Amino acid sequence: MSESNPFVAAWLLIASGDPTLAGIVALSLRVTLSALAISLVIGLPCGAFLAMSRFPGRGLLVIGCNALMGLPPVVAGLAIYLLLSRSGPLGPLGLLFTPSAMVMAQTVLILPIVLSLSRQVVEDLWEEYEEQLRSLGCSGARAIPTLLWDGRFSLITAILAGFGRASAEVGAVLIVGGNIAGHTRTITTAIALETAKGELALALGLGIILLGLTLILNGGAYLMGQYARRSAGQPW
Amino acid sequence: MVSAAEGSSILPLTLRGVGYSVAGRVLLDAVDLEIGPEGRTLILGANGAGKSLLLRLCHGLLQPGAGSIRWSDGPTRAGDPRHAMVFQRPILLRRSARANILHALAMIGLPAAERRQRAEETLARFGLGALAERPARVLSGGEQQRLAMARAWSLKPQVLFLDEPTSALDPAGTRAVEEMIAAFAEGGTKIVMTTHDLAQARRLADEVVFLHQGRLAERTGAAEFFDMPASAPARSFLKGELPW
Ligand SMILES: Nc1ncnc2c1ncn2[C@@H]1O[C@H](COP(=O)(O)OP(=O)(O)OP(=O)(O)O)[C@@H](O)[C@H]1O
Ligand SMILES: [Mg+2]
């Protein structure tokens, strides 16, 4: 990097469409969006189920999920590492230091968020709707799609929170991915590495991109929410 | 058009020794009652007498603590499409008016094409076409109540439980809802409802079930009830006296 001002260098790098940079960004998005998709597929219905059911131990489960929202990423990374390491139970799959391992680690991080927030949203809705839905024969598992759809505006928050946590996270993907150039290097792990090496321009460029992605996603979700809310006449 | 009376009738509804308590408080006690297919049944009584509770029990939303509540072919349960209920405060989904009706029809397992047709028919029947695309929850109270009634109508139930359907409505809204009640009756739906509006009760009732402090005080033909009620609590209720 010949440019002395790292900010200028960062913009030049982004503008040049550097393939290494593009690869890192693409991998980051792929890993985070995969983890988010898996978390939504599991977390939304499970959260809804938890909201509507009453069974012994439910309280503990709710507390557990809430607590897991604050799980330190390095601990999640370590757990997945142990699971996937050669002598671990899933060792034979050979997934350690692959993007799949990073998806797993990030799923562990954002699933509790999606689960807890959707449980909260659905619990409030169910309290309001219960008699009407039961009257219509819409109870148990049949009520879950209805409740998730009617909670759609609030659930966007859960999705954004999950994306935010996964995309900002560095500890877990570093441990299970190994930050291998061209293979498991993500925006956050690259920033950590380049900063340590003193390559501030690259680090800063990546930081700007990450910030930009987050802003675009949040802005898009906000506008979509506003539009949908207006067109659906949301009183809340 | 499917008639509500089609298929074998689930009436009469038979309550035997029905009791309901919460935390040791007896809210309904030893209610014996048979509701037959003829005419409209109005459940009257002071605030807190147990009218809403009785409707919920009959609809199967609550389980009686004592006794049994049975239709002609078995115990009552919520979600049986042959009886519907409209609540004191209408509960509508966060969707358009039309989607609210479509959702209810999906729940009774109607095929999609039929759902759309029945929804349009329902909206048109009650002059709700202009509201079809509007989000249900920004409708006015009266519009919401009519939509909730229309939703129930679209299900073509044999029996409809109505809990104070006009308590929050102005005279025009009340008239609209009473016309809807007549539309149900036309289709052969048995109406079981509560009201605090005595003039309305006189207009609509064929028979009156009077509850007093969680007990069945009397059950009389409407003309007789308003003329000369048999029980003391009903007499003072009609005179507008405090019932104690
Ligand atoms: N889930 C409950 N827990 C405790 N008490 C209840 C419950 N549901 C109803 N009650 C009580 O039961 C009594 C009867 O209630 P209900 O709602 O049936 O009265 P109501 O006749 O419909 O009165 P209103 O005319 O005011 O609507 C009231 O005293 C009420 O406080
Ligand atoms: Mg009531």
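Structure values in brief
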{"quantity": "Elements of type helices (runs of 4 or more DSSP H) in the stretch A:142-213, at least 1 residues being within 14 Å of another protein chain (Cβ to nearest Cβ) and free of Cβ contacts under 8 Å to residues at least 12 places away in the same chain", "calculated": "A:143-150"}
{"quantity": "Count of residues meeting criterion [within 14 Å of ligand 2 (Cβ to nearest atom) and out of contact with any Phe, Trp or Tyr (no Cβ under 6 Å at 6 or more places or on another chain)] in the stretch B:54-89", "calculated": "10"}
{"quantity": "Qualifying residue in the stretch B:57-72 (condition: among the charged types (D, E, K, R), more than 12 Å from ligand 1 (Cβ to nearest atom), surrounded by fewer than 17 Cβ atoms within 10 Å (Cβ to Cβ) and assigned to a loop (DSSP other than H, G, I, E, B))", "calculated": "no"}
{"quantity": "Residues of the stretch B:177-205 satisfying the condition of being farther than 18 Å from B:Leu11 by Cβ and within 16 Å of ligand 1 (Cβ to nearest atom)", "calculated": "B:Thr194, B:Thr195, B:His196, B:Asp197, B:Leu198, B:Gln200, B:Ala201"}
{"quantity": "B:Arg116 vs. criteria open to solvent by 50 Å² or more (accessible area, probe 1.4 Å), more than 10 Å from chain A (Cβ to nearest Cβ) and touching a residue at least 40 places away in the same chain (Cβ under 8 Å)", "calculated": "no"}
{"quantity": "Conditions (1) open to solvent by 10 Å² or more (accessible area, probe 1.4 Å); (2) under 15 Å from the mean Cα position of the chain (by Cα): number failed by B:Gln145", "calculated": "(1)"}
{"quantity": "Test: residue in the stretch A:64-80 that is loosely packed, with under 14 Cβ neighbours inside 10 Å and in a loop (DSSP other than H, G, I, E, B)", "calculated": "yes"}
{"quantity": "Filter result for the condition that a residue is free of Cβ contacts under 8 Å to residues at least 60 places away in the same chain and either away from chain A (no Cβ under 13 Å) or farther than 21 Å from A:Trp149 by Cα (or both), over B:Gly74, B:Gly79", "calculated": "B:Gly74"}
{"quantity": "Any hit, the stretch B:90-112, residues being within 16 Å of ligand 2 (Cβ to nearest atom), touching a residue at least 24 places away in the same chain (Cβ under 8 Å) and either among the small types (Gly, Ala, Ser) or assigned to a loop (DSSP other than H, G, I, E, B) (or both)", "calculated": "yes"}
{"quantity": "Residue match in the stretch B:134-147 (condition: more than 10 Å from chain A (Cβ to nearest Cβ) and of a type in the set (A, V, I, L, M, F, W, C))", "calculated": "yes"}
{"quantity": "Single residue of the stretch A:84-141 satisfying the filter (within 14 Å of another protein chain (Cβ to nearest Cβ) and in a loop (DSSP other than H, G, I, E, B)) that is nearest to A:Ile175 (Cα to Cα)", "calculated": "A:Ser139"}
{"quantity": "Number of the condition not met by B:Gln88 [criteria: (1) surrounded by 21 or more Cβ atoms within 10 Å (Cβ to Cβ); (2) under 18 Å from A:Arg134 (Cα atoms)]", "calculated": "(1)"}
{"quantity": "Residue within the stretch A:31-38 that is buried (at least 16 other Cβ atoms within 10 Å of the Cβ), touching a residue at least 40 places away in the same chain (Cβ under 8 Å) and more than 26 Å from A:Gly151 (Cβ to Cβ) present", "calculated": "yes"}
{"quantity": "Residue selected from the stretch B:12-54 under the condition of a type in the set (D, E, K, R) and not in a strand (DSSP E or B), by the criterion farthest from ligand 1 (Cβ to nearest atom)", "calculated": "B:Glu38"}
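The values are calculated or read from the model by the stated rules, or taken from the named source; none is laboratory data. This one's a predicted model, so the numbers in the text were calculated from it and none came from an experiment. Using ideal geometry, Cβ is built from the backbone for each residue, glycine included, and neighbour counts are taken over all protein chains shown. In case anyone asks, the SASA skips ligands and DNA or RNA and just uses the protein heavy atoms, side chains included. Shrake-Rupley method; radii C 1.70, N 1.55, O 1.52, S 1.80 Å.
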